[in-house]
Each structure stands twice: as structure tokens, then as C-alpha cells.
1. For Glu3 and Gln138 in the same chain, what is the full-extension length gain: residue separation times 0.36 nm, less their Cα-Cα distance, in nm?
2. Once amide H atoms are placed 1.01 Å from N in the peptide plane, what residues at a sequence separation of 5 or more from Gln128, or on another chain, have their amide H within under 5 Å of its amide H?
3. Among Leu43, Leu20, Leu129, Leu160, rank each residue by its count of other Cβ atoms within 10 Å, from fewest to most, as a rough exposure measure.
4. For the stretch 1-62, what mean projected area does the convex hull of the alpha carbons give, in nm²?
5. What ranking of Leu32, Leu48 emerges when the number of other C-beta atoms within 10 Å of each C-beta is taken as an exposure proxy, fewest first?
6. How much FRET efficiency would the formula 1/(1 + (r/R0)^6) give for Asp202 and Ile11, where r is the Cβ-Cβ distance and R0 is 25 Å, rounded to 0.05?
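Each reported figure results from applying straightforward, stated rules to the coordinates on display, with no laboratory input. Keep in mind it's a predicted model, so treat the numbers as computed, not measured. Don't worry about glycine lacking a Cβ; one is built from the backbone with ideal geometry, like all the others, and counts go over all protein chains shown.
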Amino acid sequence: MVENEDLFSEIKEAEISEFLSTILKQNVLLALAIGKEKACSELIIINLLLEIKNQFNVSFFSGIDFTVDKEKGLNGFCDFKYPAINFQVSVDFGSELKKSPFFSVPPGRTCGACRAAYGRKSRKTFGQLLIISKSPEQLFLDIPVLAVVEAKNEKIVSGLGQCVAEMIAAKIYNEREGNALPCIYGAVTTGHAWKFLKLEEDTAYIDI
């Protein structure tokens, strides 16, 4: 687990459309006032992802089954608005993961990668997941999965473990289907704050 690298500052910025600019001016303050995951998902996040879809000809999905490996706990139902996802990975990131402040868990809540690191049993699933595929095919999830987005209505850090677990699932899914990518990207967002991640081989990077 690497937590101190600047991953994306050298990437060229992309201009957003006038439509997205207008939508965000209308929706951001309303979503923040409501203060719920569902509101941020529908008013902010989904519009940003639609912009990405239109600019880069990718596809994104919610409301689909994303079972990758039941034996490793990589199974669940991906639903961006009504979550029922249960990613519990048996993967060893070493002692650094256990020490990482990004993997502290709020009282009464657990997540897949956190359970893998701390050996806790599942008590509750949480967060809202959306899958982005590099393929433009929108009728079904096609390979390769490029990124996953985890929506939260609280602190960003509480979704990092879950997002890493989902990125691992995407990596395994691509490899199993014969279309592996050099890395998988992830993001955890409250709608107004974003934290970006990258999974490369067996190392997860969190952007500073």
C-alpha cells in the first residue's frame, strides 16, 4: 500500500461541456444540502460519469451482478443507488495495510479489504458502487473493466478499503476474461470531495 505518491498531477485537464457546467451549478448545492448518498449520486456523480462516457466512449453500469470469485468473497450486486454489495477479499497487502490510517473503520461498520486486513467477520455492507468499462458496449458489461467508483456520504477514508477490494475484483475479472490491463483505477467520493486510487500488480496506490 503506497499512500504518498502524486499519481495524476501531470495528466492534461479535459474541458467539460457547457451542459455539465450548467447541471453542476444547479445541482451541487442542492445535493450538499440534502446530504445523502442517493442525492449526491443522482445529482452530481452520475452527471460527471455521463460526461466521461460521452467524451471517452466508455460504458458504466449499476444494478448488475458482479460476482467474480465467491471463494475469495468477491461477490455482490452492484447498485449505485441501492447498495447490496459484499466484497470481502482474502488478500495479503502485508503489515503496512494494517497500520494504514486509511483503513480505520467507523464503529459498527466493516468493509471487505478492512476485514481481510483485520480478520473481522462481515457485519454490514455499505457504500454505492459503479463500474466503468473501457468498452463502449452498454447492453452488458464487457471487458475490460477500467475503474470503479465508490460513493459515500461520510468521510472519504471509510470507503478506501471497499474501493480497493472492488479494484481487486475488477483486476481478476479482466485477467480471467483474457483482457488484463496494466492497472485498475478507483475513486471514492462524497460528490464534492474525491480521492483517486490505482491498483498496479499487487500494489494499491492512493493519490495524495
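1. Details: separation 135, 0.36 × 135 = 48.60 nm, distance 3.39 nm.
This chain segment gains 45.2 nm when fully extended.
2. Counting only residues 5 or more places away or on other chains, the set is Ala151.
3. On the way: Leu43 20, Leu20 17, Leu129 25, Leu160 28.
Going from sparsest to densest Cβ surroundings: Leu20, Leu43, Leu129, Leu160.
4. Numbers: hull surface 25.0 nm².
Over all viewing directions, the stretch 1-62 projects a mean Cα-hull area of 6.3 nm².
5. Values: Leu32 15, Leu48 18.
Ordered from fewest to most neighbouring Cβ atoms within 10 Å, Leu32, Leu48 come out as Leu32, Leu48.
6. 0.60
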